[in-house]
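Structure first, then comments.
The values are calculated or read from the model by the stated rules, or taken from the named source; none is laboratory data. Small disclaimer: the values here were computed from a predicted structure and weren't measured. When we count neighbours, we look across all protein chains shown, and the Cβ atoms used for this are built from the backbone with ideal geometry, even at glycine.
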Amino acid sequence: MANTFVPRKGIDILADIMQFMEPTASHRLLKNLQGSLPAVVKELRKRLFSFEDLAYGDSRGVQALIKLTTLRDLALSLKGAPEGVLQTLAQNMSQRAIEDLREEITQLGPRRISEIEEARKNIMTNAKRLVERRELFIQKGKATEGWID
């Protein structure tokens with residue numbers, strides 16, 4: 001059985017690399033490219049899976065992700081999180097779990113950005129695993145556009 005080589009576009013390779021970059025470095029790179037290569041940035045954003053994309057997660061997948069996430073990581077990750085992420089997570093939690101989460105957030109108090117990013121990184125590790133196993137779907141665009149699988 002012969003190995004087959006499937007050529008890939010440079011943008012796909014760059015997106016793969018960026019998935020493993022620290023979030024601040026990835027954000028800085030996109031910001032720097034925006035002025036000179038806005039079309040490239042648009043395509044990269046379609047291919048990248050970020051914490052903010054959890055706002056577009058399907059209910060079952062988000063519930064599975066919540067089960068895999070520690071309360072502490074969840075509380076830390078939500079500090080300064082976009083409203084859409086907060087809403088999606090809250091819609092997929094019991095009232096009791098939401099109360100526990102609020103209590104944990106209150107007890108944490110102010111935290112360093114590095115702690116928040118580490119918590120988000122832990123959550124995204126689980127989210128990516130669920131996406132790979134086809135247990136979490138992210139629909140960023142209309143119809144089937146933007147499904148990450």
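Filter segment 17-43 down to residues that are in contact (Cβ under 8 Å) with a residue 12 or more places away in the chain and in a loop (DSSP other than H, G, I, E, B) and give me whichever is nearest to the chain's Cα centre (by Cα). Here the answer is Q19.
In segment 119-132 there is no residue that is over 12 Å from the mean Cα position of the chain (by Cα) and not charged (D, E, K, R). Considered as a group, the residues in segment 44-54 that are touching a residue at least 60 places away in the same chain (Cβ under 8 Å) and assigned to a helix (DSSP H, G or I) include one that is nearest to I123 (Cα to Cα), and that residue is F51. Name every residue in segment 126-146 that is at pLDDT below 75 and either in contact with a strand residue (DSSP E or B) (Cβ under 6 Å, 6 or more places away or on another chain) or of a type in the set (G, A, S) (or both), in order of residue number. G141, A143, G146, listed by residue number. Looking at D16, D58, D73, just one residue is acidic (D, E), assigned by TED's automatic domain parsing to the domain that holds L86, surrounded by 11 or more Cβ atoms within 10 Å (Cβ to Cβ) and out of contact with any Leu (no Cβ under 9 Å at 6 or more places or on another chain), and that residue is D73.
Among helices (runs of 4 or more DSSP H) lying entirely in segment 55-95, which contain 2 or more residues that are more than 19 Å from K128 (Cβ to Cβ)?
In segment 55-95, 71-77, 83-91 are the helices (runs of 4 or more DSSP H) which contain 2 or more residues that are more than 19 Å from K128 (Cβ to Cβ).
Scanning segment 112-123 for residues that are hydrophobic (A, V, I, L, M, F, W, C) and touching a helix residue (DSSP H, G or I) at 6+ places or on another chain (Cβ under 6 Å), we see that the one that is nearest to R72 (Cα to Cα) is A119. Right, A2: modelled with pLDDT of 90 or more and either small (G, A, S) or surrounded by fewer than 12 Cβ atoms within 10 Å (Cβ to Cβ) (or both) or not? It is false that A2 is modelled with pLDDT of 90 or more and either small (G, A, S) or surrounded by fewer than 12 Cβ atoms within 10 Å (Cβ to Cβ) (or both).
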